[in-house]
Amino acid sequence: MSAAPSARRTEGPTLTQKLRARGLDGVTLLVLPCVVVAVALFVYPFLYGLWLSFHPKAGGDALTNYERFFSDPFLSKTIWTTLRLALPVTLLNLLIAVPIAFRVRLMKHQRLLTTILVLPITLGTVLIAEGMLFYFGPQGWFTRSLMWLGVLSHPLHIVHGYWGVFLSLVIAIFPFTFLLTLSYVTGIDPSLEQAAATLGASPAARFREVYLPLLLPGLAITFCLSFVQAFSVLPSAVLVGDPANTTRVISIAAYQAAFEEYDYSLASAIAMIMGAVQLVVVVVILGGRTLLYRGPVAAAKG
Amino acid sequence: MFAARTPLSTRLWVAGVWLFVAFFVVNLFGLIGSVLTSSFATRWLGTWLPAGFTTKWYFAAWDEFQLGDVLWVTFQVVGSVVALSGLVGVPAAYALARREFPAKKAVMLLLLLPLLVPPVTYGIPLATVLYKSGLGGSLAGVILANLVPTVPFVVLVMIPFIEQIDPRIEAAARVFGASTPKVFVYVLVPILLPGVLAALLLVLVRTIAMFELTFLVAGPGSQTLVVALYYAVFAAGVRAVQSIDAMAVIYMITTLVWLIIALRFVNPTQIVARAKRSNT
C-alpha cells in the first residue's frame with residue numbers, strides 16, 4: 001500500500017504488514033469516502049443542530065428552547081399527537097402484513113400480487129393525500145358506493161382529520177412493511193413447519209409455536225423501520241389532516257419554527273426532541289428483542 | 001395440496017385474509033382511479049363519472065407548473081444522487097464485506113443511524129448548515145441532502161451481495177498479477193453489476209419519492225417533482241384541481257415505470273434473507 005512509509009525488508013514486519021495484519025490495507029481505505037459523506041452530511045449537521053439548540057435565538061439560558069417546548073402545550077402536545085398516529089399505524093400495518101405475507105408465501109405466481117401491493121410506494125404521500133381527498137370525500141366513489149349500498153345514510157368525515165392521516169399513512173407505509181415481512185417470512189425454512197405439521201400441530205399452533213418465535217426478531221426490525229417513516233408524517237398531516245389541531249405533528253412544529261419563524265435554534269431543539277422520542281421507541285422495541293430467540297432461521301441442521 | 005382435510009376454521013381464516021386483500025386492492029385502485037379520472041375530466045361535480053373527457057389538463061399542467069423545468073431538475077437530482085451513491089457506496093460495501101478492521105462496528109453504526117432517524121430530524125439541522133454555507137436552495141444542496149439516506153442504503157443492500165461472491169475468484173485474478181483497480185474493473189464489476197443495478201434502481205425510486213429532505217432544502221429553482229406537487233396541492237384553490245391531478249398522474253407514472261423495472265431485477269422477497277422454496 002502506497003500510503004505506508006518505505007518498507008524495511010530486512011528487520012521484522014514492515015508497517016504495511018503490521019497494518020495489514022489488523023485488517024487495514026488498500027481495500028479497507030475504500031470505506032473512507034463513505035465515512036466522509038456520513039460524517040460531513042449527517043454527524044456534523046446533527047452535532048451542529050444539537051449545539052444550536054442550546055443557543056437560543058433570543059439569547060438567555062441554554063435550556064430555554066427545551067423549557068419553552070415542554071411548558072408550551074401547543075408545542076409539547078405534538079409529541080403525543082405524533083405517537084398517537086405513528087404507533088397504531090405501524091402496529092396495524094404489521095398486523096395486516098403478517099397474514100398476507102403468509103398467504104403470498106404459498107403462492108406460485110407472487111410477482112403480480114406483490115407488485116400490486118407495493119404499488120402505493122410509487123404514489124408517495126402527496127398523491128395518496130390528493131387521492132384520498134377525492135375518493136373518501138363527500139362526493140367520492142367510496143362514499144357514493146356505501147350510500148348506494150345503503151350502508152351509510154350520510155357521508156363519513158374521514159378527510160381533514162385524524163382518520164384521514166391515519167389511513168393515508170397505512171396506505172403509504174404498508175408496501176414497505178409488507179416487503180420486509182414477506183422477506184423475513186420466506187426466509188424461514190418451510191421444513192420446520194412441515195415437521196410441526198407431521199407431529200400433528202394445528203395451523204394456529206404451528207404459527208404460535210414455530211413461526212412466531214422465529215419471526216419476532218425480524219418483526220421488531222420491521223416495526224422500527226416502518227415506525228421511522230410513520231413518525232415524520234409531514235405531507236399527509238398537512239394535506240389530509242387538520243394541521244392546526246388534531247394532526248399537528250411534531251414535524252409540523254419543527255418546520256414552522258424553522259421556516260415560518262426563522263428560529264433555527266428552536267427548530268433544532270424540536271428536531272432533537274423528535275429524534276430522542278424516536279430513539280426511545282426503537283431502543284424499547286430492539287431491547288425487547290434481546291429477550292427473544294436469536295439464532296438461525298434458514299436451515300436447522302442437527 | 002391438502003385441501004380436502006383442511007379444517008373449516010382454517011378455510012374461513014384464509015378466505016378472510018383474501019377478502020381483506022381484495023378490499024385493500026379495490027380501494028387502492030379506487031383511489032388511484034379517482035385521481036386518474038379527474039385528470040381527464042372536463043367537469044366533475046356530484047356525479048359518478050365526469051360530464052366529459054379531455055386531455056387539455058395535461059397541457060395546462062405542463063405550462064402552469066413549468067413541468068418541463070421541474071422534470072429536468074428531478075432528472076438532474078436523481079441522476080446525480082444515483083451516480084454518487086453508487087460511486088461512494090459500492091466500494092465501501094466491498095471493504096465492509098471483505099475486511100475485518102478495528103472500527104468496523106462503529107462504521108456500521110454510523111451507516112445505520114441515518115436510516116433509523118426520521119429525515120425531518122436531521123433534515124432541519126442539515127438544511128440550516130446548507131443555508132449557512134450558501135448551498136441551501138441550490139441544486140447541489142438538494143443532491144447532498146439526498147445522499148444522506150441513499151449512501152448507507154446502497155452499502156447495507158450491497159454487503160450481502162458481495163459476501164456471497166467467492167473471494168477465491170478475486171484471489172485467482174491476483175495470482176495472475178492483476179492490480180486492485182484491474183480486479184475491480186475486470187472481475188468485480190461484471191459480477192457485481194446485477195446487485196449494483198438493483199440497489200441503484202431502489203435508490204432511484206426512493207429519491208424520486210423523497211419528500212422531506214428535498215422539501216427542507218430546495219429553493220424555487222431546485223424543486224423536484226414531488227415537492228412541486230406538494231406545493232400545488234397545498235395552494236389548491238388557485239388552480240383547476242384537474243391540472244393538479246394531471247401533475248399527480250405524471251408523477252405516479254414516473255415512479256411506476258422505474259419501480260416495475262426495479263422489480264424485474266430485484267426479487268422483493270429476498271431483501272433480507274435468501275428464500276428457500278420447497279417444492280413439496
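The values are calculated or read from the model by the stated rules, or taken from the named source; none is laboratory data. Everything numeric here is computed off the predicted structure, so don't read it as measured data. A quick note on method: Cβ atoms are made from the backbone with ideal geometry, for glycine too, and the neighbour counts reach across all protein chains shown.
Yes/no per residue for (1) among the acidic types (D, E); (2) surrounded by 12 or more Cβ atoms within 10 Å (Cβ to Cβ); (3) farther than 29 Å from B:G136 by Cβ; (4) more than 30 Å from the chain's Cα centre (by Cα):
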site: A:P13; (1), (2), (3), (4): no, yes, yes, yes
site: A:A21; (1), (2), (3), (4): no, no, yes, yes
site: A:V27; (1), (2), (3), (4): no, yes, yes, yes
site: A:L30; (1), (2), (3), (4): no, yes, yes, no
site: A:C34; (1), (2), (3), (4): no, yes, no, no
site: A:F46; (1), (2), (3), (4): no, yes, no, no
site: A:A58; (1), (2), (3), (4): no, no, no, yes
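Just a yes or no: is a residue in the stretch A:95-103 facing another protein chain (nearest Cβ under 7 Å), over 23 Å from the mean Cα position of the chain (by Cα) and under 27 Å from A:I188 (Cα atoms)? The answer is yes; a qualifying residue exists. For the criterion of being of a type in the set (K, R), assigned to a helix (DSSP H, G or I) and modelled with pLDDT of 80 or more, A:R206 passes. For the stretch A:209-243, residues that are at pLDDT below 85, surrounded by 20 or more Cβ atoms within 10 Å (Cβ to Cβ), in contact with a Phe, Trp or Tyr (Cβ under 9 Å, 6 or more places away or on another chain) and of a type in the set (V, I, T) total 2. The single residue among A:L91, A:L75 that is under 20 Å from A:Q256 (Cα atoms), at pLDDT 85 or above and part of a helix (DSSP H, G or I) turns out to be A:L75. Can you pull out the residues in the stretch B:68-96 that are surrounded by 21 or more Cβ atoms within 10 Å (Cβ to Cβ) and over 17 Å from the mean Cα position of the chain (by Cα)? If the condition is that a residue be surrounded by 21 or more Cβ atoms within 10 Å (Cβ to Cβ) and over 17 Å from the mean Cα position of the chain (by Cα), then B:V70, B:V88, B:V90, B:P91, B:A92, B:A93, B:Y94, B:A95, B:L96 are the ones that fit. Note on the stretch B:1-60: residues that are assigned to a helix (DSSP H, G or I), without any contact (Cβ under 8 Å) to a residue 60 or more places away in the chain, among the aliphatic types (A, V, I, L, M) and farther than 23 Å from A:V104 by Cα total 1. Does A:L123 qualify as being aliphatic (A, V, I, L, M), in a helix (DSSP H, G or I), within 21 Å of B:A262 (Cα to Cα) and facing chain B (nearest Cβ under 8 Å)? So A:L123 passes the test. Only one of the listed residues (A:H160, A:H154) is free of Cβ contacts under 8 Å to residues at least 40 places away in the same chain and more than 8 Å from every other protein chain (Cβ to nearest Cβ). That residue is A:H154. What about B:Y131, is it under 19 Å from B:V148 (Cβ atoms), within 10 Å of chain A (Cβ to nearest Cβ) and touching a strand residue (DSSP E or B) at 6+ places or on another chain (Cβ under 9 Å)? Yes, satisfied.
Taking each residue of the stretch B:77-90 that is touching a residue at least 40 places away in the same chain (Cβ under 8 Å) and looking for partners that are among the acidic types (D, E) and not in a helix (DSSP H, G or I) with beta-carbon atoms closer than 7 Å, six or more apart or interchain, yields nothing. Right, B:E170: among the acidic types (D, E) and part of a helix (DSSP H, G or I) or not? Against the criterion (among the acidic types (D, E) and part of a helix (DSSP H, G or I)), B:E170 qualifies. Restricting the stretch B:21-35 to residues that are at the interface with another protein chain (Cβ under 7 Å from one of its Cβ atoms) and of a type in the set (A, V, I, L, M, F, W, C), the residue that is surrounded by the fewest Cβ atoms within 10 Å (Cβ to Cβ) is B:V25.
If the condition is being within 21 Å of the chain's Cα centre (by Cα), loosely packed, with under 15 Cβ neighbours inside 10 Å and farther than 18 Å from A:V185 by Cβ, then the stretch A:71-94 contributes A:W80, A:P88.
Would you call B:A145 in contact (Cβ under 8 Å) with a residue 60 or more places away in the chain and buried (at least 24 other Cβ atoms within 10 Å of the Cβ)? Here the answer is yes, as B:A145 does meet what is asked. Here B:L229, B:L200 are screened, and the one residue that is under 13 Å from the mean Cα position of the chain (by Cα) and assigned to a helix (DSSP H, G or I) is B:L200. Only a single item in (1) within 11 Å of chain A (Cβ to nearest Cβ); (2) surrounded by 20 or more Cβ atoms within 10 Å (Cβ to Cβ); (3) more than 14 Å from the chain's Cα centre (by Cα) is not met by B:M210, and it is number (3).
Can you tell me which residue in the stretch A:166-202 is surrounded by the fewest Cβ atoms within 10 Å (Cβ to Cβ), limited to those that are more than 10 Å from every other protein chain (Cβ to nearest Cβ) and either over 16 Å from A:I121 (Cβ atoms) or without any contact (Cβ under 8 Å) to a residue 12 or more places away in the chain (or both)? The extreme case among them is A:G200.
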